[in-house]
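The values are calculated or read from the model by the stated rules, or taken from the named source; none is laboratory data. For clarity, every value in this text was computed on a predicted model and none was experimentally measured. Cβ placement follows ideal geometry from the backbone for every residue including glycine, while neighbour counts extend to all protein chains displayed. The accessibility values were calculated without ligands, DNA or RNA, using every heavy atom of the protein model including side chains. Shrake-Rupley method; radii C 1.70, N 1.55, O 1.52, S 1.80 Å.
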Amino acid sequence: MASVGGRGRGGPARPGSQLVVLAVLGLVAGVAACTSQVATHGHRLDAAALAQIEPGQSSQQDVIQLLGSPSSLATFDDRTWYYVSQRTESHTFYYRTVVAQDVVAIVFDDQGMVSRVNRHDLNGAREIDLVDRETPTAGNELTVLEQFLGNIGRFNPPAEEE
């Protein structure tokens, strides 16, 4: 016969075993938090496909077939196509490090043929300082309370149905 409320099979666990389980889970979570996360963004370039693009021989259609659509076009001239890829590692939640970056710029002539292929990596990248100035705007800056009180009575009453 099985004993009721005894410490046989299926009985309550020892109080210390719950602490061991929590400690192991905490250790696993701590180790997992220390690993870096790698993220790849942009266009994955195939070196063999890129080698097939020859200036004076390849057309825009050839480039699209080999590499796909470009990541972006030049701002003022749509004859330059950019293929951009970037790999980052994040060790903490807010801090990311760029570990690899490739930019391939393909320039076409007036007939749509490749005139040159430029390749840039992370070594040629330059750091850009962001400007934190704000553009001044005319008018008043209203608080939330002023905005709320200013809108009272500005709404049209609901139209009566006929």
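Just for the stretch 11-59: of the residues that are within 23 Å of ARG87 (Cβ to Cβ) and modelled with pLDDT under 75, which one is most open to solvent (accessible area, probe 1.4 Å)? Steps first, answer last, please.
So in the stretch 11-59, the residues within 23 Å of ARG87 (Cβ to Cβ) come out as 32-51, 53.
Keeping just the survivors that are modelled with pLDDT under 75 gives 32-36.
On the way: ALA32: 64, ALA33: 70, CYS34: 106, THR35: 80, SER36: 50 Å².
Among those that are within 23 Å of ARG87 (Cβ to Cβ) and modelled with pLDDT under 75, it is CYS34.
Mind telling me which of the residues ASP62, ASP77 ends up being surrounded by 10 or more Cβ atoms within 10 Å (Cβ to Cβ), under 18 Å from GLN111 (Cβ atoms) and among the charged types (D, E, K, R)?
Values: ASP77 fails: surrounded by 10 or more Cβ atoms within 10 Å (Cβ to Cβ).
Of ASP62, ASP77, the one residue that is surrounded by 10 or more Cβ atoms within 10 Å (Cβ to Cβ), under 18 Å from GLN111 (Cβ atoms) and among the charged types (D, E, K, R) is ASP62.
One line per residue, one yes/no per condition, for (1) modelled with pLDDT under 80; (2) within 30 Å of GLY56 (Cβ to Cβ):
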| position | (1), (2) |
| --- | --- |
| THR92 | yes, no |
| ALA105 | no, yes |
| ASP110 | no, yes |
| GLY124 | yes, yes |
| PRO136 | yes, no |
| ASN151 | yes, no |
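Answer with yes or no whether ARG87 is open to solvent by 60 Å² or more (accessible area, probe 1.4 Å), under 13 Å from VAL114 (Cα atoms) and either free of Cβ contacts under 8 Å to residues at least 60 places away in the same chain or among the hydroxyl-bearing types (Ser, Thr, Tyr) (or both). Lay out the reasoning, then the answer.
Details: open to solvent by 60 Å² or more (accessible area, probe 1.4 Å): yes; under 13 Å from VAL114 (Cα atoms): no; either free of Cβ contacts under 8 Å to residues at least 60 places away in the same chain or among the hydroxyl-bearing types (Ser, Thr, Tyr) (or both): yes.
So ARG87 fails the test.
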